[in-house]
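> So that we are looking at the same thing, I have put the structure below in structure tokens.
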């Protein structure tokens, strides 16, 4: 099959979250299964993309309201796992941030124009490119208009019979705009304008749900949660339920492998995990002046409400006040108010808590390798990849039972369990989860057994890729 993925993110060239990891891995494993995948990404002017070796393969113009815009397409020559193409639109993506301006910390004012023009340019180039897609796979609201334009825009009639898949990585963000913004899109039959609308607005995610041949999300648990609550799209998802399914994400086991990971201080495998974890923890704790003899609970990710990051300050304070023998480490960026709180805690609880308020891929790998536990107190977690990375590195996940976390982590007190799970999002249950983790850590034989267990689990993309292939083939058979 010839498969095209269109996305706002793709690791390692542009990543803000799990979307980038998925789009950077799934095409690779599809290719290894004998298929032919390509990825289309905006040309952000970040260091990774500007420094990459690339070849211009196309330049052209596409319609936008009553005007046209110029764009170029480059192939990233150094990416060997799949063909990666980036679309350069002057004035739209010639800046470093994906969604957020790194100088102001706020979202770009022209999000609509950026991603509308990107989607139009992607299809405009694709219809002129020497690649006949069997299927087009769009990701999140940034590309949610792709299925609509494939079905409805006169300019893209050649795509009308090509199946489309939309994956919802996070239903909280939907791309809501004014109803009149339909005028920015290439001409289509206005009798079908209702496909664009939901709850009084042009809603990119809703348009994708209505127009795509199949809608997936990144775990079965999250799909069930979206049917209950999806920020206003529940009724629509129930209406389209027959074409929805959940496929749990995998991880790229070539990138996330403690035996060969160049980012960590000491490589190890399941054969020597005790000494390997010990060395990496000592290295990590020395860097942050933390007592390596205490169990280390770490958080890696965006410091935002949906990740439950606002629960962490109270958790750290309470654990310290109650004399809980543990240490805490936080890596991430996000809410500036949380940044200030963590900086204050950092100076107040020296040796007990430390933080790095930045995006640091190398340090993230070291934290996975050197921590005893990974904290994920998420309010919402569509799939979650961090818990899978952590387990690959022998780090026990401490998670709230939601979405993909509920699908991938079983409490250690249950049969064949290996993680620490709590049900409700509140400080009391989070403290109890940490206390249970400390108790587990102090039972060395049981703790080592659980560490070995999580390292033996297979959450690679192999099984998930097989599920996507089955899905794609079922659509082609239609």
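> One residue is enough: does region 436-454 have a residue meeting the conditions loosely packed, with under 13 Cβ neighbours inside 10 Å, free of Cβ contacts under 8 Å to residues at least 60 places away in the same chain, touching a helix residue (DSSP H, G or I) at 6+ places or on another chain (Cβ under 8 Å) and over 25 Å from residue 261 (Cβ atoms)?
No, the conditions are met nowhere in region 436-454.
> Answer yes if at least one residue in region 251-258 is under 30 Å from residue 145 (Cα atoms) and at pLDDT below 95, and no otherwise.
First pass over region 251-258, keeping only residues under 30 Å from residue 145 (Cα atoms): 251-252.
Filter once more, keeping what is at pLDDT below 95: 251-252.
There is at least one residue in region 251-258 that is under 30 Å from residue 145 (Cα atoms) and at pLDDT below 95.
> State which residue is surrounded by the most Cβ atoms within 10 Å (Cβ to Cβ) when the search covers only region 94-116 and only residues that are touching a helix residue (DSSP H, G or I) at 6+ places or on another chain (Cβ under 8 Å) and modelled with pLDDT of 95 or more.
Looking at residues that are touching a helix residue (DSSP H, G or I) at 6+ places or on another chain (Cβ under 8 Å) and modelled with pLDDT of 95 or more, I get 115.
> Does at least one position in region 389-399 carry a residue that is at pLDDT 95 or above, in a loop (DSSP other than H, G, I, E, B), within 27 Å of residue 230 (Cβ to Cβ) and not assigned by TED's automatic domain parsing to the domain that holds residue 217?
No: region 389-399 contains no residue that is at pLDDT 95 or above, in a loop (DSSP other than H, G, I, E, B), within 27 Å of residue 230 (Cβ to Cβ) and not assigned by TED's automatic domain parsing to the domain that holds residue 217.
> Quick check on residue 29: is it in contact with a helix residue (DSSP H, G or I) (Cβ under 7 Å, 6 or more places away or on another chain) and free of Cβ contacts under 8 Å to residues at least 40 places away in the same chain?
On the way: in contact with a helix residue (DSSP H, G or I) (Cβ under 7 Å, 6 or more places away or on another chain): yes; free of Cβ contacts under 8 Å to residues at least 40 places away in the same chain: no.
Against the criterion (in contact with a helix residue (DSSP H, G or I) (Cβ under 7 Å, 6 or more places away or on another chain) and free of Cβ contacts under 8 Å to residues at least 40 places away in the same chain), residue 29 does not qualify.
> Quick check on region 8-15. Is at least one of its residues more than 14 Å from residue 139 (Cα to Cα) and over 18 Å from the mean Cα position of the chain (by Cα)?
For region 8-15, residues more than 14 Å from residue 139 (Cα to Cα) and over 18 Å from the mean Cα position of the chain (by Cα): absent.
> For region 162-279, which strands (runs of 3 or more DSSP E) that fit wholly inside it have 2 or more residues that are crowded, with 21+ Cβ neighbours inside 10 Å? Reasoning before the result, please.
Numbers: elements: 164-168, 201-203, 214-217, 244-246.
Passing ranges, in order: 164-168, 201-203, 214-217.
> Given the criteria in contact with a helix residue (DSSP H, G or I) (Cβ under 8 Å, 6 or more places away or on another chain) and more than 30 Å from residue 478 (Cβ to Cβ), does residue 283 qualify? Give the derivation first.
Values: in contact with a helix residue (DSSP H, G or I) (Cβ under 8 Å, 6 or more places away or on another chain): yes; more than 30 Å from residue 478 (Cβ to Cβ): yes.
Spelling it out, residue 283 is indeed in contact with a helix residue (DSSP H, G or I) (Cβ under 8 Å, 6 or more places away or on another chain) and more than 30 Å from residue 478 (Cβ to Cβ).
> Which of the helices (runs of 4 or more DSSP H) contained wholly in region 300-377 include at least 3 residues that are in contact (Cβ under 8 Å) with a residue 24 or more places away in the chain and assigned by TED's automatic domain parsing to the domain that holds residue 107?
Working: elements: 312-321, 336-348, 361-370.
It comes to none.
The values are calculated or read from the model by the stated rules, or taken from the named source; none is laboratory data. Source: prediction; values computed, not measured. We place every Cβ from the backbone using ideal geometry, glycine too, and count neighbours over all the protein chains shown.
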